Amino acid sequence: MNRLIVVSNRLPFALDSTGEDLWTVTPATGGLVSAIEPVLRERGGTWIGWPGIAGKIPQEPLAKATRNAGYKVVPVALSETERDEFYYGYSNEVIWPLFHDLQNFCNFEPAYWQTYKEVNNRYADAIARCAQPDDFIWVHDYHLMYVAEALRERGVSPDLSRLTFFLHIPFPPYDIFSKLPQQQRLLRALLQFDLVGFQTRRDVRNFIQCVRRVMSEAKVLSRRELQLIRFEDHEIRVGYFPIGIDFDSFEKSARSDSVEQRAQRLRATFPGCQLILGSDRLDYSKGIPERLRAFRTALERYPELSGRVVLIQIVVPSRVEIPRYHEFKQRIDRLVGDINGRFSTSTWLPVQYHFRCLDREDLLAHYRGCDIAFVTPLKDGMNLVAKEYCACRIDNDGVLILSQFAGAAEQLKPGALLVNPYDIEEMADTILKAFRMSQVERSGRMKRMRHVVRKENVFWWVDSFLRAGLQIGTRPPRVSKRRLATSAR
Ligand code: GDG
């Protein structure tokens, strides 16, 4: 079995200083970590990433945090400027909004690109130091799209390794991608990987369209499951691999007595009400204000909902250092205040709003205890919350209202109520439809979704990606360049 090296911007935990030589270690919450951690823990390997603090990395707390991880952890250090210009800057003020079709949110500051490349070089160095022939190098996500090019620029040729990349967020259509000042350089960089994976067919289609339009020397050779692109002296496979979740683990925990009790307590707090759940990281791509407005419209239009539904909206703090995220939170606060101010009675508060991260058991109790999940991102690579909700509905009960622009919609459309998250009135009507849906229909829809989520789980996802990567066949060593095996030392 080839050794697996996972490379991502963040490690699966964050170090934070609480005073001189006092450190806290917080497990990360994002979707990437939820998906990869169980896999690496099970099969071992190496995880290269940033532990979330700017400046020097303290060795002792890091060693303590990773002692029982089940895999090796290699930290990459970032200075404050690098964090600001690479992470907050290029990654989260340029690529993140643009790739979610929100070009008005972009800040195309020219200095960010230089730092993005420099930091990608740093990750490439870390890979070069620990990689060996036959390793399977799996680079993740939009922060690290330049890593393969960086390896090659530095004369490190991973001739005997597989160099693969998976994008967790959507890839935009050409009309949007073409706004990016570095469009050509970025595509060229992506074409240095051996395998480039996306979440959905839609993303593959967009990527191929951009390659055709921007990289005239690239040849797209086949239109089967895995597309083949020939670029310079190199072949790149391109495919879609919808990420899954650890279904059995969610289902098992959802069945536990403690989750069951918590779910019952939650339900007992709101007698006679159907509970609607929204749970997202604080992010403008998740469509939280639109969802709140839809809920408000539903309460305005349909008096039968009054006193009979509660929206539990959990917002997990994220990127709060970026001013736009801070403003965005204030907008959510105001909307919640407006709805509760207008509609609440002495015995009913329509929106229960939590701005914090729930512990896993509590999150699962919410999945288990809420009648309707309201998952309406403006655009999303996949959206794991939708899948986790289905996995926890062990009684085949529960309705999923899902944005048609979430990657998960491709797989869950046989059971979900799909909505356009920009269409407030349609979403309001869909709340009513979900509220009124019969038990038989709920059960039929949920069974169909659970079937897909169980079958196409996270281990299936990793297997299909690794299998596609292993098909590549290692490249013959190039005479002119040192091999990774020797240059990595
Ligand atoms: C990126 C892409 C893609 C949520 N609330 C709590 C909590 N969560 C966990 C969920 C879930 C994760 O956070 C969120 O995953 P998503 O997939 O919804 O979103 P992103 O973080 O934006 O992830 C996304 C994903 O990568 C994987 O490829 O699906 O499209 O944007 O796992 O469980 N966790 C805890 N408390 C909460 O309150 N502990």
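The values are calculated or read from the model by the stated rules, or taken from the named source; none is laboratory data. Everything numeric here is computed off the predicted structure, so don't read it as measured data. With ideal geometry, Cβ positions are generated from the backbone for all residues, glycine too; neighbour counts draw on all protein chains shown. Please note that ligands, DNA and RNA were not included when accessible areas were found on the heavy atoms of the full protein model with its side chains. Shrake-Rupley method; radii C 1.70, N 1.55, O 1.52, S 1.80 Å.
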The chain - charge dipole about Cα centre, Lys and Arg +1 at Cβ, Asp and Glu -1, debye rounded to 20 = 1160
Roughly how large, in nm² to one decimal, is the mean projection of the convex hull of the alpha-carbon atoms in the stretch 277-355?
-> 4.9
Roll a 1.4 Å probe over the protein heavy atoms and report the accessible area of VAL220 in Å², nearest 10.
-> 30
The base-10 log of I(q)/I(0) that the Debye equation returns for the chain at q = 0.10 Å⁻¹, one scatterer per C-alpha, is -0.78
SASA check, ASP248, accessible area w/ 1.4 Å probe, all protein chains in place, rounded to nearest 10 Å², comes out at 100
Normalising by the residue count of the stretch 149-235, find the relative contact order in percent from Cα pairs under 8 Å and 6+ residues apart.
-> 28
Of all the accessible heavy-atom surface of the stretch 83-128, with the other protein chains kept in place and a 1.4 Å probe, what percent is carbon and sulfur?
-> 40
Using a 1.4 Å probe and counting only protein heavy atoms, arrange CYS390, CYS130 so the residue with the most accessible area comes first.
-> CYS130, CYS390
Give the accessible surface of the chain per residue, rounded to a whole number of Å², with probe radius 1.4 Å and ligands, DNA and RNA excluded.
-> 41
Given a 1.4 Å probe and the protein chains all in place, what does the accessible area of PHE165 round to, in Å² to the nearest 10?
-> 0
For the stretch 172-215, run through the trypsin sites (Lys or Arg not before Pro) and keep only the ones in DSSP coil with at most 16 other Cβ atoms within 10 Å of their Cβ.
-> LYS179
Which listed pairs, of LYS387/LYS433; LYS72/LYS379; LYS252/LYS413; LYS117/LYS387, have C-alpha distances above 27 Å, in listed order = LYS72/LYS379; LYS117/LYS387
Counting GluC sites (Glu not before Pro) as exposed when in a DSSP loop with at most 13 other beta carbons within 10 Å, what is the longest stretch of the chain free of them?
-> 21-216
Surface share of carbon and sulfur [accessible, 1.4 angstrom probe, percent] for the stretch 147-218 | 43
Please give the direction-averaged projected area of the C-alpha convex hull for the stretch 243-284, in square nanometres with one decimal.
-> 4.7
Farthest towards the positive end of the dipole of the stretch 252-455, among LEU282, VAL385, ASN340 and with Cβ unit charges of +1 on Lys and Arg and -1 on Asp and Glu, lies the Cα of VAL385
Quick one: Cα convex hull volume of the stretch 252-455, Å³ per residue?
-> 110
Magnitude of the Cβ-charge dipole of the stretch 52-130, K/R +1 and D/E -1, about the Cα centre, nearest 20 debye?
-> 580
Output the relative contact order of the stretch 252-455, whole-number percent, from Cα pairs under 8 angstrom with separation of 6+ residues.
-> 25
Ellipticity estimate at 222 nm from DSSP helix runs (n ≥ 4, -39,500 (n - 2.57)) divided over the chain, nearest 500 = -12500 deg cm²/dmol
Compute the relative contact order of the chain as a whole-number percentage, counting only Cα pairs closer than 8 Å that sit 6 or more residues apart in sequence.
-> 16
Using a 1.4 Å probe over the heavy atoms of the protein chains, calculate the carbon and sulfur portion of the accessible area of the stretch 248-374 as a whole percent.
-> 47
